[in-house]
Structure formats: C-alpha cells, structure tokens
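What follows is a single structure, written as structure tokens, with notes after it.
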Amino acid sequence: MTAGPPLLEVEGITKAYPGVVANAGVSFAIRHGAVHALLGENGAGKSTLVKIIYGLVRPDAGRMRLAGAPYAPASPAAARAAGVAMVFQHFSLFEALTVAENVALGMERPPPMRRLTARIRAVSGAYGLPLDPDRPVADLSAGERQRVEIVRCLLQEPRLLIMDEPTSVLTPQEVEILFGTLRRIAAEGTSILYISHKLEEIILLCESATILRGGKVVAGCDPRQRAARELAEMMVGRLIAPAARAAAPGGAPVLEVAGLSLPPAGPHGRALREVGLTVAAGEILGIGGVAGNGQDELLAALSGERRAAAAAVRLDGRPIGALGPAARRAAGLCAAPEERLGHAAAPDMTLTENALLTGAVRERLVRRGMIDWRAARAFAARVVAAFDVRTPGTEVPARALSGGNLQKFVIGREILQRPRALVVNQPTWGVDAAAAATIRQALIDLAAGGAAVVVISQDLDELLELAHRFAALNEGRLSAARPVEGLTLREIGLMLGGAHGMQAARPEAGRLAHDPA
Amino acid sequence: MIRLERRPAPSAFWTAGTPVLAVALTMVAGGVMFAMLGKDPVATIRTIFWDPLFSPQYAAFSRPQLLVKAGPLILIATGLALGFRAGIWNIGAEGQYIVGAICGAAVGLAFYPLGGWYIFPLMVLAGGLGGWAWAMIPALLKVRFGTSEILVSLMLVYVAEKIVAAMAVGRLRNPEASGFPGSRNLARYPAASNPELIPGTGLHWGVVAAFLAVAVIWLVLARHRLGFQARLAGLAPRAARFAGVSPGRLTLACMGLSGALAGLAGLFEVAGPAGQIRIDFGSGYGFTAIIVAFLGRLHPAGILLAGFLMALTYIGGEIAQFVIGLPAAAIQAFQGMLLFFLLGLDLAANYRLRLGRRAAA
Amino acid sequence: MSGLAGIDPIAVAAALIVASTPILLAAIGELVAERAGVLNLGVEGMMILGAVVGFAAAVATGDVWLGLLAAAAGGAALAALFALLVLGLLANQVATGLALTMFGLGLSALIGQGYIGVRPPPAGRLDLPGLTDLPVAGRLLFAHDVLVYAGLALVAGVWAFLRYTRAGLILRAVGESHDAAHALGFGVRRVRAAAVVFGGACAGLGGAHLSLVRVPQWTEGMTAGAGWIALALVVFASWRPWRVLLGAWLFGGIAVLQLNLQAAGVKIPVEYLAMSPYVVTIVVLVIISADRTRAALNAPAALGRPFHAAG
C-alpha cells in the first residue's frame, strides 16, 4: 500500500442523543486503498459514526478531512459528490422498482436509462456480481440485493466505500465471493471502511482496524497480527463465558411438524414447502438460513398466526395445526418473533400490557373476558425481576427500553409461562453481549428443564453454541436436521444453499478468499 | 431550527391539555373568522358559548336542548371511539343513523294505531339492528375482500340519504298528509314515541342510552378483553395478530357496535325530537360525532364532555344565526377548525419540541 | 320522450366525457399524492372549496380563467394545510383528511352564501374550426371546454412524469419506502408536500369544472361525494394514470346514464337511480380488492404510513 496522507482522517468526532453519547471524541484514519475495519458491539456507536461520514447525521463536535481537504458533508448527496459511497446494513432498496431504477436513484446525475442499463451489465460483470438491470428488486435474493447496492456504489467510482455489516445476510459461500470483490476494489485504489462485529471476517479481510466500545475508540491495530480472542476482549471489555449446553437428550418427541405447506402471505412473501421437523423434550433444534428464506413464515406457522391443517403441527401428539395463537399457547406452544417492536411487543403499550399480550391464557390474567390488571402487573414484575430487565418499572412503554432489555423481557415472558415447546426467531439480534448471554443461557435452561426449543437464527455461531441438531431453511424448504457435533462450516454452507444464484460468479473468488491480498 | 424529539412515554399533561388548548385556539381563529364576516368576535363567541346556558332570554329554551343535541352525538361517538382505537374507520355513522331511524320508525308505524308497551322496545331493537346491519356491509366486505371500510361506509351514507328520501315520499309517507312528503309524527303516537322523561330537561331515552353507552364502553376499554384487543390492534397490528386477536372478528365487533349505537341514536331521534321521517332526516350528527370522538380523545369521559361542547356550538350557533345573523355554515367551519387544531396539537403529547441544536454533551 | 328510445347515444357519450372530468381531475391529483405515499381523504373538501372559490373569482372578475386559477389555488391551499398537519405535525392521516373534508364543506358554504342563484360567466368551448363540425367525432371529441382537454393532458403528463423523469422516479421511491429514500438523502417531506399540494390544485380544478362548466351554478354541497368517488377511482385504477381515465369514464357514464333515465321517465323512483353511482363505486371497489395480492402489489408500499426521521 502507498504511504502518504491518509484518504480519510476523523478527528474528535462527538455526537450525543438524549440519554446516550453515541460517539465521544472518535479519531482514526484510513489509508488509500486500504480495507479498514470498524469493530464494535451493537450499540458501540458504529452506525452513528458511519452516518456522520455519509452525511446523514451531523456531529456535535470534531472534524474530518478527505484526501487532505476539510470534509463536512451536509447530506448524503454531498458525501457522494465528494466520493464517499455506502452499502447499507438494512438495504436502502425499493422493492417495487427495477434494479436500474434503484441504481439511478443512488446517483447524482444518472445517464439515460438505456445507457445506465448497459453500464450496470458491464460493471456487474467485471466485478463478478451478475445482475439483470430490468428485474424488480422484490424478486431478488438477499445476496443479489446486496450486489445492487455495491454496483450502485461502484458506478460512482468512489474514493471511499463504506460497508455496514455486509455479511449478515450472506451464506459462507457468498461471503467468500464478496471478499474477493472487495479485495479487487481495494486493489484498484478505492479505500473500504468495513463495519462488523464478526472477528474472523476482519482478520481475514482487513489490514487495519479501529475498535469502538461505548462510543469511544479503545484500540487501533492490525487485526492480522491479533488473535480473535484478543480482539473480542478489546471489543467487549470483559470476558463472557460461553453458554453451557447440556448433553443431547434422548427424550420423547414434543413438537412435531410434518408436511407443512403454506402459500406466501403477501406479494413479497415466501411460501413454506413441505416443512417437517421433530424436537424432543430437552432438545434445542437450531434452524439457520439466509434472511428472507421463510424464517418469519415458519415462526408464524408455529405461533398460530397462520393456520394450517390440524395434523401439520403436533404438540405431545395432539394435532394443533388448525388452532390460533391463543389456543396454541393454552396447549403449551409459545413463541417469540424476530421483530421486537411491533410484533413481539406493542411499542406504545406498557410492560404490563405487553405481559398480558401473550400471558393472558397461561397465566390466567383474563377471566370471563375481564382483565385482572393486578395479576398482569405482578406477572410483568416477575419477568422483569427474573430476567434482570433494566427498566424504571412495569408501567413504562416498551419502546422506552433498550433492545437488549426489551428482548430479555420478550423471551422471559414466554419462558416464565413454562411452555412445553418454545420457538424463537433471532433471539439475540441487535442485542448487547451481556443480554445475549443471558438469553442463550435461559434457552438452554428451559430445554434442560424438559421443554422442546426451536431457535431460528441467522447467526451461525449462536446456533452452533446452542443447538443439539441443525437444519437449514432455504427458499421455504427445511433440510433434514443433523447433529451439530462434527458439522463443518463448509457442510453448513451447502445446507444453507450457498450455491443459489452464485454459479455465474468468478471461479477464482474462492481461491482469493484464502489468500490475503 | 425546531426539532421534534419523541418522548419516551406520552405526556399525561398534554394528553389532557391538548383538547382544552385546541378549543381555546379555535375560539381565537373562529373569532378572526367572525370578524371577517363583519361580526363582533367577542359578542359572537359569547352568544355561542355563554348565552345558551346563562342568558336569561334564551337559557330556558336552550338548556334542555343541550341534552337533546348532545345525546345522539355522545351515543354515536362512544361507539366510533372503540373502532377508531383499533384503526377501524367507520366514517359512515351518518348512514347507520339514518337506516336505524328508518327501521325503527317503520316498526312503529307498522303498529299504528295500536297501543301496547311492547311497541317502543321493538322499535329500539329494530333501530339498533338497522344500524348494525348497515355497518355490517362495509365490515363484511372488509373482512371478506379487504375493501376499504372508509370508502364503503361513506358511500353508504349517500345511499342511505337517497333511501330516506324515497321512504319519505313513498312507503313511509303519511297517508293522511294529502301528498306532502314525510311520515306520520311518531311524537304524537304515544306507544311509539320517545318523550321527554323529565319536563324541562330535554332528557329522553336516547340520552339515557348515551350515558349508559359511556359507562359500558369505559368499562370495556379499561377492563375488558375487547377493549384491550382494540387498543392493541390499533397500536401494533402485527403484535395483535401474534397475541391471537383475529382482525376479522375485531372488525365485525367494532363496526357492528358502532353501527348499532348510531342506529339507536337515529331511532331515538326519529321517535323523539325529530318526530318523523323526512326527506332531509340526516342532520350531520354522524359526521359531527367523529369530531366529538377525537375531541374526547377516544375516551368515554372525554367524549361526554366533548359531546356537550359540540352540542353547545350547535345551539349557540342557532342563537347566533337568529340574533346576529351569523351564517349557519360558519358553525360548520368552526367545528372543522376545532378538529384541525386538535390534530395538530396531538403532536405535543408524543413529541417534545426543541428549539435550536443541542450543545455537545 | 319515453323509455330508452329517447336517449341519443352520441349526446350521452359526449356528456359522459364532460361528466367524468371533475372526478378525473381530482383522481389524477390524488393518484400523485398517493404514489408519494400520502393518503389524503380530504379530496371532497378540496374539491368543493375549489368549486366555490373558482365560482366566486369568476363572478367577481368576469373571467373564467381567473376563476380556474383561483380554484386551483384554493384546493392547493387546503392541501397545504393538510401537508402541514400530516407531514409537519405528524397528525393522523385519516383523521386529518376527514377534518379537511368537514372544514372544506363548512367553509365553502360560508363563502358561497352570496352566490346562490348567480350565473357565472360562460366557459368558452374550445371549438376547432373544421374538426368540431365533423358529423359524429366533431360533437364527441372536439366540442368541449378547455378543462376536458386539460384533464386528458394531465393524465398523459402524470403518466410520462412518473415513468420517464427523475423527479417522477424519486416521487415513486418516496412512496415505496420513505426510510430508504431518506437514507439516500432525498427530502421525503418536501417531495410529499409537493405531491399533496399538486393533488389539492387538481381537486380544486375538478370542483371548478362542476360549478363553472358542468352545472354551471353554485349550490351547497354540490360535489355530493364526487371527491370520495375520486378516491375510490385511484384504488380502482391500481394507481395507474391511464386506468384512472378509464374509471372516470365508467363513473361519468353511470352518472349520465342515470340522469338520462330519470329524464326519460323510466319507472324507477328517482332516488334509486340517484344512488346508483355510489352503489356502483362499492361494487367496483369490491371487485378490485377481491384480488388481494394484485391490489397489494400495486399499492405504494409506504401509503398512509407516517414518516419521522430520527437523529
């Protein structure tokens, strides 16, 4: 890499929101053509910092220089004009519009549609990211959507490319291809700011790293010279013991699903096809898969939000597939969906009301149609106490809680109902490490107590830590479950259907991934 | 620069305070409007809000009118409030009110000239059922086909207006009225009339029903599962489905309830204060009740107060029309303004206004 | 005249085009607002305000053009109020739309008091020498007022705007996902406010067509639900401009047909004929919404959802 003045210098950036200081005096620099990591836990201030660099948020204090010149973008358009491009964690794409229209929206002065279409084909081909410009984005897989974002950025020939948690939606195979592309972009002189909390990726890809904790820079280093464990300690600030999993049990089947098929719920939904699974008492089944392959639909089909044939879902042998959510809870099947705010909990309702939301039946909080508010408050207080939910009380709205605390409340609310079977989707998504550890241990304890637990997650590490057996969801189909012991990452990748749509990618991508640039 | 900042929890002070502030601001803006019409703003406001209650000249007549006008408004608005909380927008209460009146009056007239204690209760039943059935049309279409209940219930207002006009000159026309449109006067048919229960108060069965509705809906919202489900569905529809609330059943329940209450309001009106089915029976209560529901913050106690306030603007508006020649339409515009101010100020309950940028922390 | 024999098909077709114009104008404006993600239920209020303001201005100045201009401005002003409440103060869209309608009805009655029974200046027909004199097509296509042609031009313009221009693309993007649009740096509120105000101006023009051309007279509540039918029309059209035109002709046809049947003395009570446009609206809405996936696919994804940029 060339020595000389860095491409981007960040000096003393500070940004406070009511109640939190997101960034406090953050400083670092990115060299030309470097892949620089921004490492930190959820809530460490990575997103705010990136939004400042991209002109979406203005800092309270501090300054930046781009290629030696003062840089203070007032808007994303100004950032793009200065040569800064960004690929978002939650895609900033428009489902109903075509690939080309989406690309055009991200450019300041897009060429006429026909020329743009040709350029998209050329650039996407050159970087091993094949795309059809005329397809609506709604039809694309998560990996393909990310390609749209990347191509949109590349067409602007940026000096700095920001990637915000780009691999959270990709299979291991797709990650390898992405890394190949990124190395190539960097080799052509574009610097990359790579945001992640996944240590292995950073060690593999990045040559320098800035580690954030609690809004402050705690270290800067060359990640290739450090062990993952060392980086983890710097990021978290303390050691967190991995959850202790009990040995695989040999109990009787509790939750059985067979031949479960459901049509998609909406125009952009996913169909479930012939899903079958069995979970025994004391067992944790992990279900992996790339986002959008039927996770939400599977949870809805198990929670009772969507009904199926009675025999498609059985609990302790009893057919419950045709029952609604309340009746399934009464039978002993509880669930916690992925989206905390608006699905698992009503953001504008108090914790007491949210406790009533799923606890009404099993905790007998409603009698003859009348609500027993005192009992509901007591139940909410029990959840708060048992799961160490940090809250001023049970009468605050759910949205006032941090992500980790609300998630502990949501999971705790189901566990304290002593379910026969519990289904959770993304139980630790966007949750701080301490809360995630609490939640994982609680799930393990629940299973150890004799319940059947299904954990749907996109975090493979989490599944390998928790589950006894592993199955993968791909395009609404569930693979056969395999014992986690002895499963390799490559096998998991194949189970996840990592090959889908990637055949056209460059053949040498896989080789590059193991070959530091 | 003004910025909006979401409050962690809604402010209790502003939740109660915004309707009061909205009324005050509407009086100011209304005063400007009255001044532009060439009226003395202070005198006009006093005529509308003070004279109906305290003027020695009008109070004797207008005080009982307060209950007469507030009764149907409160009855309809309490029903609407439950649905509005659930995000179910029945804005065709006016149509349900009219159909309830037609059904109730038809039952009463069918017995003419028989006497019997059972006639009025049957009319009440028919009125409620009529309103319920009319509201079931948009409800069932919504549940079965996903058709917008807003548009369908509103279209049915126009249909109901045409039906009542047809009835007034057709089937329900008074055969003894030598061809004039309009039905027999139910107020003069004792077995079917809804009389003033305590002379000089304006209290009739419809007002009693309104008070009952306030109490029952209050209980439902505070303690009953249906009230919780309605609030949940309105605040977080996905969470409601996850909790086991069936959107279809909730739609049917809320629409049916509000329709039945609107129908009852129509029946009590046609058998009492109005007395007969006329071509222009629809009086706009169904629409004004929407303002009442919002002004009362979709809470029964608030609706009770808001109903009286809105009744006051009707009565005061009539006096102002009569005494200082204020156009009737000015009151309608005044009521619309009130809703604007209320909706605009709603923000204060959930957001904090901040001036300027925050200093670095 | 008795029975259907007395109805002249060409006259009906020509009348249909005229009758469809008010709802066509209002609906194409609302379509733009909805494509930007805003559901403005106040079309009826904006229409009737346009009707009375346009009428008053035309009578005062003796110039129909100034009347139309005033009508558009009146509708736009009311729409701007809606934009302020909904986009600026984050008020509930449904309730604010209703408030707009109620306020518009009241205000228009107030303004219109002195104009009941007054005759407006005549609206000029846009006669095209030669073309207007053609046997059938002349009366059908080339003998209308300016607004009829303006309505057609507006449909074509909106279609081209949404399809081919960058501003149209941004407007669609804002209506599809305001969060993504905001992340890309587009001014969500500005785009939406512009779309809403445009919708208001169109609705005002539609109202003025009623009071200045079609009737031409001012009567209280003269829109009689046309604004609501325009809202239904946007759903019927699946948010596509040309289908709005088709739907407007359908509803215009029904309105004209029932008037002709009334005039022809058909043995159905007038009231039942008069309710037919509303009943047909319901039936059409049911047919359109019955195909749920298609209805959901075409609706702008962010329609009716409030937007508040955090941070």
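Name the single residue that is nearest to the chain's Cα centre (by Cα) among those in segment B:48-71 being polar (S, T, N, Q) and open to solvent by less than 20 Å² (accessible area, probe 1.4 Å). Steps first, please.
We begin by selecting, within segment B:48-71, every residue polar (S, T, N, Q); these are B:55, B:57, B:62, B:65.
Those left that are additionally open to solvent by less than 20 Å² (accessible area, probe 1.4 Å): B:55, B:62.
Numbers: B:55: 27, B:62: 20 Å.
Only one residue tops the list, namely B:62.
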* Report yes if residue B:302 is in contact with a Pro (Cβ under 9 Å, 6 or more places away or on another chain) and more than 9 Å from every other protein chain (Cβ to nearest Cβ), otherwise no. => yes
* To do: Determine, yes or no, whether residue A:349 is open to solvent by 40 Å² or more (accessible area, probe 1.4 Å), hydrophobic (A, V, I, L, M, F, W, C) and within 7 Å of chain B (Cβ to nearest Cβ).
  => no
* **Flag for residue C:231 being open to solvent by less than 30 Å² (accessible area, probe 1.4 Å) and modelled with pLDDT of 90 or more** => yes
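Condition check ((1) open to solvent by 10 Å² or more (accessible area, probe 1.4 Å); (2) away from every other protein chain (no Cβ under 14 Å); (3) among the aromatic types (Phe, Trp, Tyr)) across all residues:
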{"site": "C:60", "(1), (2), (3)": "yes, yes, no"}
{"site": "C:65", "(1), (2), (3)": "yes, yes, yes"}
{"site": "C:70", "(1), (2), (3)": "yes, yes, no"}
{"site": "C:92", "(1), (2), (3)": "yes, no, no"}
{"site": "C:105", "(1), (2), (3)": "yes, no, no"}
{"site": "C:108", "(1), (2), (3)": "no, no, no"}
{"site": "C:116", "(1), (2), (3)": "yes, no, no"}
{"site": "C:122", "(1), (2), (3)": "yes, yes, no"}
* residue A:126 vs. criteria of a type in the set (Gly, Ala, Ser), within 12 Å of chain C (Cβ to nearest Cβ) and surrounded by fewer than 20 Cβ atoms within 10 Å (Cβ to Cβ) -> no
* To do: Quick one: residue A:339 ticks every box in (1) surrounded by fewer than 21 Cβ atoms within 10 Å (Cβ to Cβ); (2) at the interface with chain B (Cβ under 10 Å from one of its Cβ atoms); (3) not in a loop (DSSP other than H, G, I, E, B) except a single one, so which number is it?
  => (3)
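Residue by residue, here is whether (1) touching a residue at least 40 places away in the same chain (Cβ under 8 Å); (2) within 14 Å of chain B (Cβ to nearest Cβ); (3) over 20 Å from residue A:265 (Cβ atoms); (4) in a strand (DSSP E or B) holds:
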| position | (1), (2), (3), (4) |
| --- | --- |
| A:296 | yes, yes, no, no |
| A:302 | yes, yes, no, no |
| A:308 | yes, no, no, no |
| A:311 | yes, no, yes, no |
| A:321 | yes, no, no, no |
| A:326 | no, yes, no, no |
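Each row is one residue, and each column tells you yes or no for (1) modelled with pLDDT under 95; (2) open to solvent by less than 10 Å² (accessible area, probe 1.4 Å).
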{"site": "A:272", "(1), (2)": "yes, yes"}
{"site": "A:292", "(1), (2)": "yes, no"}
{"site": "A:302", "(1), (2)": "no, yes"}
{"site": "A:306", "(1), (2)": "yes, no"}
* Of all residues in segment A:96-109 being open to solvent by 10 Å² or more (accessible area, probe 1.4 Å) and modelled with pLDDT of 85 or more, which is farthest from the other protein chains (Cβ to nearest Cβ)? -> A:98
* To do: Quickly run through segment A:153-173 and pick out the residues that are open to solvent by less than 10 Å² (accessible area, probe 1.4 Å) and part of a helix (DSSP H, G or I).
  => A:153, A:166, A:167
* Being in contact (Cβ under 8 Å) with a residue 12 or more places away in the chain, assigned to a strand (DSSP E or B), of a type outside the set (A, V, I, L, M, F, W, C) and open to solvent by 30 Å² or more (accessible area, probe 1.4 Å), is that true of even one residue in segment A:367-377? -> no
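Take the conditions out of contact with any Phe, Trp or Tyr (no Cβ under 8 Å at 6 or more places or on another chain), assigned to a helix (DSSP H, G or I) and within 25 Å of residue A:301 (Cβ to Cβ) and apply them to residue A:447. Does it pass?
When the stated conditions are applied, residue A:447 passes them.
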* Select from segment A:41-59 the residues that are outside any helix (DSSP H, G or I) and open to solvent by less than 40 Å² (accessible area, probe 1.4 Å) and write down the one among them that is nearest to residue A:193 (Cα to Cα). => A:54
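For segment B:178-196, indicate whether the set of residues that are touching a Phe, Trp or Tyr at 6+ places or on another chain (Cβ under 7 Å) and charged (D, E, K, R) is non-empty. If you could, list the steps in order and put the result at the bottom.
Of the residues in segment B:178-196, the ones touching a Phe, Trp or Tyr at 6+ places or on another chain (Cβ under 7 Å) are B:184, B:189, B:191-192, B:194.
Narrowing the set further to residues that are charged (D, E, K, R) leaves B:184.
Within segment B:178-196 (the criterion being touching a Phe, Trp or Tyr at 6+ places or on another chain (Cβ under 7 Å) and charged (D, E, K, R)), the answer is yes, since at least one residue qualifies.
Which of the following residues is out of contact with any strand residue (DSSP E or B) (no Cβ under 9 Å at 6 or more places or on another chain) and β-branched (Val, Ile, Thr): A:410, A:431? Step through it out loud before you land on a result.
Details: A:410 fails: out of contact with any strand residue (DSSP E or B) (no Cβ under 9 Å at 6 or more places or on another chain).
Result of the check over A:410, A:431: A:431.
Given the criterion at pLDDT 95 or above, of a type in the set (A, V, I, L, M) and farther than 21 Å from residue C:224 by Cβ, identify the matching residue among C:95, C:91, C:77.
Working: C:95 fails: at pLDDT 95 or above; C:91 fails: at pLDDT 95 or above.
On inspection, the qualifying residue turns out to be C:77.
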* Given segment C:202-311, what helices (runs of 4 or more DSSP H) lie entirely inside it while holding 3 or more residues that are polar (S, T, N, Q) and facing another protein chain (nearest Cβ under 10 Å)? -> C:276-290
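Residues in segment B:74-93 that are within 14 Å of chain C (Cβ to nearest Cβ) and on the phi < 0 side of the Ramachandran plot: how many? Walk me through how you get there before you give the answer.
Taking segment B:74-93 and keeping what is within 14 Å of chain C (Cβ to nearest Cβ), we get B:77, B:80-81, B:83-93.
Remaining after also requiring on the phi < 0 side of the Ramachandran plot: B:77, B:80-81, B:83-86, B:88-93.
Adding up the residues that qualify gives 13.
Check B:192, B:253 and return the single one that is more than 14 Å from every other protein chain (Cβ to nearest Cβ) and either buried (at least 17 other Cβ atoms within 10 Å of the Cβ) or among the charged types (D, E, K, R) (or both). Show your work before the answer.
Working: B:253 fails: more than 14 Å from every other protein chain (Cβ to nearest Cβ).
Checking each option against the conditions leaves just B:192.
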* **Close pairs (6 angstrom Cβ cut-off, 6 or more residues apart or separate chains): touching a residue at least 24 places away in the same chain (Cβ under 8 Å) and within 9 Å of chain C (Cβ to nearest Cβ) in segment B:131-148, part of a helix (DSSP H, G or I) and aliphatic (A, V, I, L, M) anywhere** => B:138/B:152
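Of B:81, B:106, which residue is surrounded by 24 or more Cβ atoms within 10 Å (Cβ to Cβ) and not basic (Lys, Arg)? Reasoning before the result, please.
Values: B:106 fails: surrounded by 24 or more Cβ atoms within 10 Å (Cβ to Cβ).
The match here is B:81.
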* Structure fact -> Selection from segment B:18-34 of residues surrounded by fewer than 16 Cβ atoms within 10 Å (Cβ to Cβ) and free of Cβ contacts under 8 Å to residues at least 60 places away in the same chain yields B:20, B:24, B:28, B:32
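Residues that are outside any helix (DSSP H, G or I) and in contact (Cβ under 8 Å) with a residue 60 or more places away in the chain: does segment A:404-417 have at least one? Break it down into steps so the answer makes sense when it comes.
From segment A:404-417, those outside any helix (DSSP H, G or I) are A:416-417; that's our starting set.
Subsequent filtering for residues that are in contact (Cβ under 8 Å) with a residue 60 or more places away in the chain retains A:417.
Yes, that holds for at least one residue.
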* Pairs where the first residue, in segment C:256-280, is surrounded by 18 or more Cβ atoms within 10 Å (Cβ to Cβ) and the second is of a type in the set (Ser, Thr, Tyr), C-beta under 6 Å, 6+ apart -> C:258/C:276; C:278/B:158
* Scan segment B:246-257 and report the pairs whose first residue is in a helix (DSSP H, G or I) and whose second residue is open to solvent by 40 Å² or more (accessible area, probe 1.4 Å), with Cβ atoms within less than 7 Å and a gap of 6+ or a chain change. => B:247/B:241; B:248/B:143; B:250/B:229; B:251/B:142; B:251/B:143; B:252/B:143; B:253/B:226; B:256/B:132
* Asked: Can you tell me which residue in segment A:24-40 is nearest to the other protein chains (Cβ to nearest Cβ), limited to those that are surrounded by fewer than 22 Cβ atoms within 10 Å (Cβ to Cβ), assigned to a strand (DSSP E or B) and of a type outside the set (A, V, I, L, M)?
  -> A:25
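The values are calculated or read from the model by the stated rules, or taken from the named source; none is laboratory data. Everything numeric here is computed off the predicted structure, so don't read it as measured data. Every residue, glycine among them, receives a Cβ derived from its backbone with ideal geometry; neighbour counts consider all protein chains shown. Heads up: the accessible areas ignore ligands, DNA and RNA and are worked out on the full protein's heavy atoms, side chains in. Shrake-Rupley method; radii C 1.70, N 1.55, O 1.52, S 1.80 Å.
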